[in-house]
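Worksheet: one structure, shown below.
Here, each number is a calculation from the coordinates, and none is a lab measurement. Everything numeric here is computed off the predicted structure, so don't read it as measured data. Cβ placement follows ideal geometry from the backbone for every residue including glycine, while neighbour counts extend to all protein chains displayed.
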Amino acid sequence: MFRKVLVANRGEIALRIIRALREMGIRSVAVHSQADADALHVKFADEKVCIGPGPSSQSYLAVPSIISAAEITRADAIHPGYGFLAEDAEFAEVCEKCDIRWIGPPPSAMRLMGDKIRARAAMEEAGVPVLPGSSAISSEVDLREAAERIGYPIILKAAAGGGGRGMKIVRESSRLVDDWSVARAEALAAFGNPDMYVERYCERPRHIEVQVIADHHGAAAHLGERECSVQRRHQKVVEEAPSAALDEDVRSQLTDAALQAVRSIGYHNLGTLEFLLDADGRFYFMEMNTRLQVEHPVTEMITGVDLVREQIRIAAGQKLSFGMRRPRGHAIELRINAEDPETFAPWPGKITALNIPGGLGVRVDTHIYEGYVVPPHYDSLLAKLIVHDSSREAALRRARRCLDEFVIEGIRTNLPFHRRIIDHPSFQSGRYDTGFVARLLAGE
Ligand code: MV4
């Protein structure tokens, strides 16, 4: 097992990883920007290294500074968390070349899933359902042929896109070529890669993802699904497990497909397969995230598996510590952000008063404290409130109770927005899709 691990991240997830390391008897190294000198992840790590100024480009994304910090502190491995360098295959390779173990999947798998066209082909190869679509479109003739074959509406997607970036819906053939040109130019500007492909557009889908994990000894497992349809502009706001939209039959088809995918691409460590679920209950592969996800605690709450500990064990060459798990009860996660609850504008500043909810079945993953100053340089996630209870109804009541107890003063937060979501009849009933938040905001 590793003696010392460097955590290449900040905020709640850095703290989450440092906690796992401490429980495993592994020393932790925090890296931090000048803006994060007073951050909790720095306080709770065994060692700390300042790696640069506030902006992430000069700190949490600065590969040479992070590698130097690992070498100076003689860390055996790096855990990247989520965001920043977590899906950077090149960084993973640099780590391994410097004899620092990468706590994540093989760089080859990261690269495969980073190219949405190759990922789609690999899934089709593995027998995982994908929507009718194309490979890379290289000419107007290609484009027309694909669109006619698939039928409208279609969606144009960037090979280098993902997470909702670089997409365009086309509803009629008269818009096709113009939209493609614009999308292509946008993809080139945003990702340095103009490659596009086409899929049939699925209206009002649900976003359901499957947590998978595999060790280097041939063991692979899924840990059930997470329902992530409550999103605003491709940012998840609420996640829950299990999904209210799946019966046992579709659930087992979905998890079987995810597991089959993992085995077929030679994947190791933790990953998530994202699927669209259409109104008829059919599911289709969307993309695979080759990292620990923000919403991983939802799965931890219903399975009892410490996913970060498993990641570390797997990277150190150990076996999965569990067999297949029957999920228990229901978990809901609310992402609490420093933002205006009406306009969603980021709202950095000093937290002057704080009350964090607690009690049975309540978990709050956060790095904030009274007096903490939320810096302007990073994403607005302040805390994740995760509740667990025996049923969805009971978990909803617990979430509502915790929202009543949660007090954050001095800055604006989306706590009021969460109360609107939790109280909404569509959310209460479990019958919602990826258009739910937009309709809520439109007053429908
Ligand atoms: C789609 C789709 C409908 N049809 N693909 C958005 C994020 C990226 N992972 C892919 N996304 C979508 N792909 C086809 N063929 C609808 C979306 C989509 C979406 C997906 C999940 C969650 C929220 C969403 C919001 C808008 C669009």
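For region 1-57, name all the residues that are touching a Pro at 6+ places or on another chain (Cβ under 8 Å), surrounded by fewer than 20 Cβ atoms within 10 Å (Cβ to Cβ) and assigned to a strand (DSSP E or B).
none
Here are Glu71, Glu172, Glu125: which of them is over 28 Å from Ile18 (Cβ atoms) and either touching a Gly at 6+ places or on another chain (Cβ under 6 Å) or without any contact (Cβ under 8 Å) to a residue 60 or more places away in the chain (or both)?
Of the residues listed, the single one that is over 28 Å from Ile18 (Cβ atoms) and either touching a Gly at 6+ places or on another chain (Cβ under 6 Å) or without any contact (Cβ under 8 Å) to a residue 60 or more places away in the chain (or both) is Glu172.
If a residue must be within 21 Å of the chain's Cα centre (by Cα), surrounded by fewer than 22 Cβ atoms within 10 Å (Cβ to Cβ) and hydrophobic (A, V, I, L, M, F, W, C), how many such residues does region 88-118 contain?
The number of residues fulfilling the criteria is 4.
To keep it simple, each residue is scored yes or no on (1) surrounded by 18 or more Cβ atoms within 10 Å (Cβ to Cβ); (2) under 30 Å from Gly54 (Cβ atoms).
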site: Trp347; (1), (2): yes, yes
site: Asn355; (1), (2): no, yes
site: Gly371; (1), (2): no, yes
site: Asp389; (1), (2): yes, no
site: Arg401; (1), (2): no, no
site: Glu409; (1), (2): no, yes
site: His424; (1), (2): no, no
site: Val437; (1), (2): yes, no
site: Glu444; (1), (2): no, no
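Return the only residue of Ala244, Ala261 being small (Gly, Ala, Ser) and within 15 Å of Ala109 (Cα to Cα).
Ala261
Answer with yes or no whether Arg233 is within 16 Å of the ligand (Cβ to nearest atom), touching a helix residue (DSSP H, G or I) at 6+ places or on another chain (Cβ under 9 Å) and at positive phi.
Yes; evaluated as a whole, the condition is true for this residue.
Could you list, in sequence order, the residues of region 166-187 that are outside any strand (DSSP E or B) and under 24 Å from the mean Cα position of the chain (by Cα)?
Hits for region 166-187 are Glu186, Ala187.
Could you count how many residues in region 198-222 are assigned to a strand (DSSP E or B) and near the ligand (Cβ under 10 Å from one of its atoms)?
Of the residues in that region, 7 qualify.
Condition check ((1) out of contact with any Pro (no Cβ under 8 Å at 6 or more places or on another chain); (2) farther than 26 Å from Lys236 by Cα) across all residues:
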| residue | (1), (2) |
| --- | --- |
| Thr73 | yes, yes |
| His79 | yes, no |
| Phe84 | yes, no |
| Ala89 | no, no |
| Glu93 | no, yes |
| Glu96 | no, yes |
| Ala109 | yes, no |
| Asp115 | yes, no |
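Quick check on my filter: what residues within region 260-289 are within 14 Å of the ligand (Cβ to nearest atom) and within 22 Å of Ala219 (Cα to Cα)?
Thr272, Leu273, Glu274, Met288, Asn289
Can you find a residue that is surrounded by 15 or more Cβ atoms within 10 Å (Cβ to Cβ), over 29 Å from Val262 (Cα atoms) and more than 16 Å from the ligand (Cβ to nearest atom) anywhere in region 144-153?
Yes, there is a match, as at least one residue in region 144-153 is surrounded by 15 or more Cβ atoms within 10 Å (Cβ to Cβ), over 29 Å from Val262 (Cα atoms) and more than 16 Å from the ligand (Cβ to nearest atom).
Looking at region 248-297, which of its residues are among the small types (Gly, Ala, Ser) and under 18 Å from the mean Cα position of the chain (by Cα)?
Ala258, Gly271
Only one of these conditions is not met by Tyr432: (1) surrounded by fewer than 20 Cβ atoms within 10 Å (Cβ to Cβ); (2) within 16 Å of the ligand (Cβ to nearest atom); (3) not in a helix (DSSP H, G or I). Which number is it?
(1)
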